[in-house]
Every structure is written in C-alpha cells, then in structure tokens.
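Single-structure report; data block below.
The values are calculated or read from the model by the stated rules, or taken from the named source; none is laboratory data. What you are looking at is a predicted structure, and each value in this text was computed from that prediction instead of being measured. Positions of Cβ are backbone-derived with ideal geometry, glycine not excepted, and every protein chain shown enters the neighbour counts. The area values use the complete protein model at the heavy-atom level, side chains included, leaving out ligands, DNA and RNA. Shrake-Rupley method; radii C 1.70, N 1.55, O 1.52, S 1.80 Å.
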Amino acid sequence: GGRGGKGGPPGLNGGGGFHDPRDPRNNQFQKGGGKGGRDKGGGKGGQRFMPMSEVKPLEKTENAYVAATIAKKDVDAGEKLLRDCKSILNKLAPEKFDKLAGQFLELPVESRADMVGIIDHVFDKALAEPVFGTMYSTLCARCSESFPEFHDADNPGGKPVTFKRLLLNKCQEEFEKENVVKTQLEALGEDTPKEEKELIRMRAKKRMLGNIRFIGELYKQKMLTEKIMHECLIKLLGDIEKPDEDEVECLCKLMTTIGSLIDHARAKSHLDEYFTRMKSMANNEKLAIRMRFMLQEVIDLRRGGWKQRVADPAVKMQQQQQAQMGKGGKGKGGGPPSRGAPPPARGAA
C-alpha cells in the first residue's frame, strides 16, 4: 500500500511528502529542524535561537541627547515665563491693577536673563501706550521691591544685578536709539521710497516720545535720580538756532511731567538756564508754529506755579486756525501770541 507507514494514508505523519504544519511533530521551531531534533540546533536547515538569558540589557551612556533635552527644558521654562508676562501685561488696566500686579510679582524670575526679558516687555508696552505710563511705572516700582538680586558674572567684585539697575540700563539704551535710527536712515539707498523713510522716522519718533514720558514717570516713582533727569533735559535742549522738532517735543513732554519736582531752590539756577534757552527757541521764527506754542505753554506752566490749566476751547481753536494759515505766532518780539497769562514773576524765566 504505497510508501507510507503502516496502515497510514500517503502524506500523513510519516507517510508521503505532505506534512501537516498543525501537527506538533512537524513544527520546525520546536524540533530545531533536520536531524537535530528538539533543542539540539538541528542539522541542515536548522535554526539556532539565542536563549533570552544571553540578551544583554541596554547600557545608559552619556551622550548629547540627554544634555540637549535638559537645555530644551530650560528654554521652554524661559519661553513660558515671557508668555505669562506678556499675557498679564495685555490684560493690565487701572481698574484691575492690584490683582494683576500681584500675579506679575509671582512670576518665577530665576536669572538675570529672565529679568531682562521682563523689563523689555514692560518697556514695549509702556512706550506703545504712553497714556498708561503711570501704571507701568508703578508696576516697575513694585518689581524693584519684590524681584531678587543676582550675582554679576561679568564683574564678580561689583554690585549685584537688580531690577532697578537693569531698568536704568534699558532707559539709557532707549534714549540713545535716536542716533541709531538716524544712521539707519542715512544708510538707506537713494532709491528707497520717501514714504518708507518717513514711516521709519515716525515709528522712531513715537517710541522716543514714549520713552521720554516713561522716564519722567519712573522718576516720579523715585526709580531714577534727578541727575539723570537733568542729563536728559540738557541733551534735549540741543541747538537753539536749529532745534530738532522731535527733540523740542520730547523736551516739552518731559518738562511738563517732572518740572514741578525738579524746580526747587537747589536747582533754580539750572531751571532758569533751561527756560532761558526755551524762551529763545520759542522766539525762533524758523521753528514750526506748533513747536513754538508748545514751548510757550511750558514756560507759562512754570510761571503759573506748575498748575495745569484747562485750555479755553475758543482760544485753542483760534491758535489752530492761525497755525494752519501760517500767520500769527510772532507777536511782539517774534514770539508766540500772548495767552492772557499773568505777567512773569520777578526772577522767573
């Protein structure tokens, strides 16, 4: 009965050429294949498998991946700090100041870089929203009291790095940006559209004016010294014969903000000199009418004891009409027309 085993049909378990793979006796993985039988590695066609006990565990090595991961965590923490800082500043308003200022002071400032980033954000907001200068300067005063000090790595034997010190550096940096903008404009090619140059100049002017007003507000919060205020005023007084209109406007803004605080007996001689120069500028017919009126308003403000006056709408309209027509503004002595202010006090500028 064929070549199969006894009584067995061809091809089944020792029969013909067919082997049922479902039969455990034909499982090559268990038998080891060929003649070797189970667990002996087999002969021809056999497959040898390494016991699990011989597999070595992965070794932990020091490589760049671990260091990069830690650095990324530090970056993420810094980015989160600045995101939270910006979020609070965007919601800051006078009616919600105390609550949000409290949240701001709880920001995790852990390094000098953190503090510099926060100051940059506060400055950007204060310069973009000069009407809220008092609010942002008050926030800076509270930060100065609450934020920690850090060791100065650049000067180990020097004073520690404080919020107030970094804020002063930022003020100086912003104040000197005027020269940077002039250099940028001069570097532009002749084919640069006039509108583009004017846009750059106007943006710089807006930021400079905002910075001057904010410096005044910081001084009112006793964050800056009076000496710094005098340095700013001297710089802004500039050239009497050919005054820069932007600097004249900054001068008037700053003097209006801090004039009553620095006009005392010890500084009287300085203030008198400032206002003598301002009066000469106000009489300069080469200067725009608007600038001359602005200077005269500050002069009148000091003459009136630094008490702000509510402008008469009729007088203001008349002045605007005169400025538009290009007439008036000269008066006696070539200065702006009188506003009906009281005569100057004896000894006043």
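For segment 63-207, what does the convex hull of the Cα positions come to per residue, in cubic angstrom? Show your work: numbers first, answer last.
Details: hull volume 25.5 nm³, N = 145.
Dividing the Cα hull volume of segment 63-207 by its residues yields 176 Å³.
Whenever you get a sec, compute what percent of the accessible area on segment 206-266 sits on carbon and sulfur atoms (1.4 Å probe). Spell out each step's value before the answer.
On the way: 1370 of 2790 Å².
Carbon and sulfur together cover 49 percent of it.
Given a Förster distance of 45 Å, report the FRET efficiency between Ser87 and Ser269 from their Cβ-Cβ distance, rounded to the nearest 0.05. Can you show the working numbers first?
Values: r = 48 Å, r/R0 = 1.08.
That gives a FRET efficiency of 0.40.
Where the accessible area of segment 121-171 is counted over protein heavy atoms with a 1.4 Å probe, how much of it, in %, is carbon and sulfur?
Details: 1320 of 2510 Å².
Roughly 53 percent of what the probe reaches on segment 121-171 is carbon or sulfur.
Per residue, how large is the accessible surface of segment 210-254? Use a 1.4 angstrom probe and give square angstrom.
Numbers: 1910 Å² over 45 residues.
For segment 210-254, the per-residue accessible area is 43 Å².
So how much slack lies between Gln172 and Asp76, counting 0.36 nm per residue of separation and subtracting their Cα-Cα distance, in nm?
Values: separation 96, 0.36 × 96 = 34.56 nm, distance 3.00 nm.
In short, 31.6 nm is gained.
What nm distance separates the two modelled labels at Gln308 and Glu145, each placed 7 Å from Cα along Cα→Cβ?
Output for this residue pair reads 2.4 nm.
With every protein chain present, what is the per residue accessible area of segment 84-124 (1.4 Å probe, Å²)? Show your work: numbers first, answer last.
Values: 2120 Å² over 41 residues.
Heavy-atom SASA per residue in segment 84-124 reads 52 Å².
Using a Debye calculation, one point per C-alpha and no hydration shell, please list log10 I(q)/I(0) for segment 251-314 at q = 0.19 Å⁻¹ in order.
-0.74
Describe numerically, in nm with one decimal, the distance between label points set 7 Å from Cα along Cα→Cβ at Arg165 and at Gln221.
Between Arg165 and Gln221, the simple spin-label model gives 2.0 nm.
For segment 254-295 and segment 125-176, what is the separation of their C-alpha centers, rounded to whole Å?
Using only Cα atoms, the two centres lie 28 Å from each other.
Under a cut-off of 16 Å between alpha-carbon atoms, report the aspartates and glutamates in cross-link reach of Lys80, not counting same-chain residues fewer than 8 places apart.
Counting by Cα, and skipping residues close in sequence, Lys80 has these aspartates and glutamates nearby: Glu106, Glu110, Asp114, Asp120.
For segment 130-222, what does the equivalent ellipsoid look like in terms of its semi-axes, each the square root of 5 times an eigenvalue of the Cα gyration tensor, given largest first in whole Å? List each step's numbers first, then the result.
Details: eigenvalues 218, 72, 14 Å².
Listed largest to smallest, the semi-axes of segment 130-222 are 33, 19, 8 Å.
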